[in-house]
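Okay, so here's the structure we're looking at.
The values are calculated or read from the model by the stated rules, or taken from the named source; none is laboratory data. This is a predicted model, so every value here is computed, not measured. Using ideal geometry, Cβ is built from the backbone for each residue, glycine included, and neighbour counts are taken over all protein chains shown.
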Amino acid sequence: MSNSKRITLQQAAEVIKNGSSLTFSGFTIWRRPFALIYELIRQHRRGLHLIEVNGGPQSEFLIGAGCVDIWESCWVGHELYGKYGANLSRKVGNKEIIVEDYSHAEMMFRFAAAAQGAAYAVTQTSLGTDIHNPEYDMLGKAGLRDGKRIAKHKYIFTEDPFYDAGAQVLIPAVKVDVAVLCVQQVGEEGTVRVNGQYYSDPEAARTAGITIVIAEEIVPEEYLRRNADQNTIPSFEVDYILECPFGAHPTGMFGRYDVDGAFLKDFYGRTRTQEGFDDFAREWIHGQDHTSYLEKLGWPRMLKMKANSAMNFSPREKKGGK
């Protein structure tokens with residue numbers, strides 16, 4: 001077995017330097033790399049630039065901890081468990097963070113362009129909306145559009161030169177230093193297999209300069225090659241791997257464990273003030289590692305969320321209803 005790509009959780013956090021641009025796997029409350037998010041907070045990372053197809057609890061934790069200077073996306077929240085990002089809202093109100101707003105589709109197109117090696121994407125998405133109001137070019141207003149790490153323009157309008165289809169919008173491909181993916185399985189050489197929806201994970205991996213994969217388990221590459229059509233990301237697109245069971249908690253991991261809704265509701269309710277966030281962080285993040293975090297949660301709680309392998313969700317957790 002090759003160990004050339006294996007690193008520890010602490011080493012993975014050290015790969016992400018102050019001022020790095022970051023993106024993540026998953027979607028809203030699914031497959032977010034929380035074990036590494038917590039470690040970045042413990043290591044007091046600063047000046048991060050989050051570039052996300054969509055935000056979620058991982059954004060809220062990093063923003064509340066003061067790790068983020070720029071957040072570039074379309075939405076942030078916790079779905080059913082606190083629908084908007086209270087920490088981001090507070091930081092925006094205090095002028096402690098820059099928010100660059102694109103539509104959801106535009107963010108996906110920007111990642112797709114970067115994954116293809118293109119400099120920009122062309123779309124008609126969001127034409128006629130305030131998304132394209134120059135007053136809301138916040139990175140431009142801050143004087144940060146250097147044409148190197150951040151595009152010279154937020155967007156450019158043009159006319160279709162091929163079919164006379166009217167106005168088009170050119171939007172810049174993203175530039176991401178590090179992508180952190182949280183998945184069910186990774187091979188010992190870096191091949192990724194995502195069960196269930198893989199969202200924009202392939203684009204994130206191809207876009208980033210460095211890709212780190214946190215997996216529930218590291219498995220032999222030979223096993224993944226038996227059904228290669230089920231694999232999601234090839235090994236050559238992955239730089240570092242680590243095995244970290246329950247690494248997505250409190251978000252869910254399809255087929256392994258459900259979302260910990262009670263944890264997210266508690267976080268949302270307690271962190272609407274900075275004092276509340278700091279208190280929550282002292283309780284759940286600082287002064288411990290991933291193992292002691294799981295011990296604090298307790299196995300009864302974790303087993304209650306554990307998915308049934310036939311149904312891919314926990315039958316012990318009530319679903320739906322009012």
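Only one entry of Arg193, Arg225 meets the criterion of being without any contact (Cβ under 8 Å) to a residue 60 or more places away in the chain, farther than 27 Å from Gln10 by Cβ and basic (Lys, Arg), and that entry is Arg225. Take the residues of the stretch 15-70 that are in contact with a Phe, Trp or Tyr (Cβ under 6 Å, 6 or more places away or on another chain) and of a type in the set (S, T, N, Q): which is modelled with the lowest pLDDT? Per the stated criteria, the residue is Asn54. Here Gly128, Gly85, Gly143 are screened, and the one residue that is farther than 30 Å from Tyr268 by Cα and modelled with pLDDT under 95 is Gly128.
Here's the yes/no breakdown for (1) surrounded by fewer than 17 Cβ atoms within 10 Å (Cβ to Cβ); (2) under 22 Å from Thr23 (Cβ atoms); (3) of a type in the set (Gly, Ala, Ser); (4) in contact with a Ser or Thr (Cβ under 9 Å, 6 or more places away or on another chain):
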site: Glu216; (1), (2), (3), (4): no, yes, no, no
site: Asp239; (1), (2), (3), (4): no, yes, no, yes
site: Pro250; (1), (2), (3), (4): no, yes, no, no
site: Ala262; (1), (2), (3), (4): yes, no, yes, no
site: Leu294; (1), (2), (3), (4): no, no, no, no
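Applying the criterion of being assigned to a loop (DSSP other than H, G, I, E, B), touching a Lys or Arg at 6+ places or on another chain (Cβ under 8 Å) and of a type outside the set (D, E, K, R) to the residues of the stretch 147-181, the residue that is nearest to Asp239 (Cα to Cα) is Val174.
In this structure, Phe254 qualifies as in contact with a Lys or Arg (Cβ under 8 Å, 6 or more places away or on another chain) and over 16 Å from Ile37 (Cα atoms). Selection within the stretch 1-31: residues that are of a type in the set (Gly, Ala, Ser) and assigned to a helix (DSSP H, G or I). The member of this set that is farthest from Gly187 (Cα to Cα) is Ala13. Of the candidates Gly47, Gly85, Gly77, the single residue that is within 25 Å of Gly287 (Cα to Cα) and in contact with a Gly (Cβ under 7 Å, 6 or more places away or on another chain) is Gly47.
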